[in-house]
Amino acid sequence: KSKEREVGILKTIGANNNQLVMIFFFQGLMVSMIGLVFGLLIGLLITFNLNNFITFIESVLQRNLLEAYFINYFPYHVDYAQILLICSLSFIFSVISSLLPALRVIKLNPIEILRHE
């Protein structure tokens, strides 16, 4: 709904359906990919520095947070195959979720859209 006016204007100035589909598809895909990359980087950064973060929190709170679990550090293992699988599935879902709204643009009538403005 929020982009209908833009679609109506683009169609009236001569944009064809393929151009509109590509614009909205790549716009949605870029937002998804930026989120995927930032999420991956932040997740790995937190994972590799988790014990330092816990040590910092413990010094601020002056409590040993991990002693309740009978451990001195938080064990972690980064499985790069799982990361690749998750990123691949995220990419596939991003393509699908970007393509469906982009294809809906074809059905919009620019006259009806701009008439209600």
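Coordinate-derived values only; no laboratory data. Keep in mind it's a predicted model, so treat the numbers as computed, not measured. Counting neighbours? That spans all protein chains shown, and the Cβs are built from the backbone with ideal geometry, glycine included.
Scanning region 62-77 turns up no residue that is of a type in the set (Gly, Ala, Ser) and under 30 Å from His116 (Cα atoms). Listed conditions (1) in a helix (DSSP H, G or I); (2) in contact (Cβ under 8 Å) with a residue 12 or more places away in the chain are all met by Tyr73, apart from (1). Of all residues in region 98-117, those that are touching a helix residue (DSSP H, G or I) at 6+ places or on another chain (Cβ under 7 Å) and in a helix (DSSP H, G or I) total 10. In the condition set (1) in a loop (DSSP other than H, G, I, E, B); (2) more than 28 Å from the chain's Cα centre (by Cα), Ser2 is compliant with all but (2).
If you scan region 74-101, which residues turn out to be among the hydroxyl-bearing types (Ser, Thr, Tyr) and under 17 Å from Phe38 (Cα atoms)? Answer for region 74-101, where residues must be among the hydroxyl-bearing types (Ser, Thr, Tyr) and under 17 Å from Phe38 (Cα atoms): Tyr80, Ser88, Ser90, Ser94. Residues satisfying the criterion are absent from region 64-82 (criterion: surrounded by 10 or more Cβ atoms within 10 Å (Cβ to Cβ), within 18 Å of Gln27 (Cβ to Cβ) and aromatic (Phe, Trp, Tyr)).
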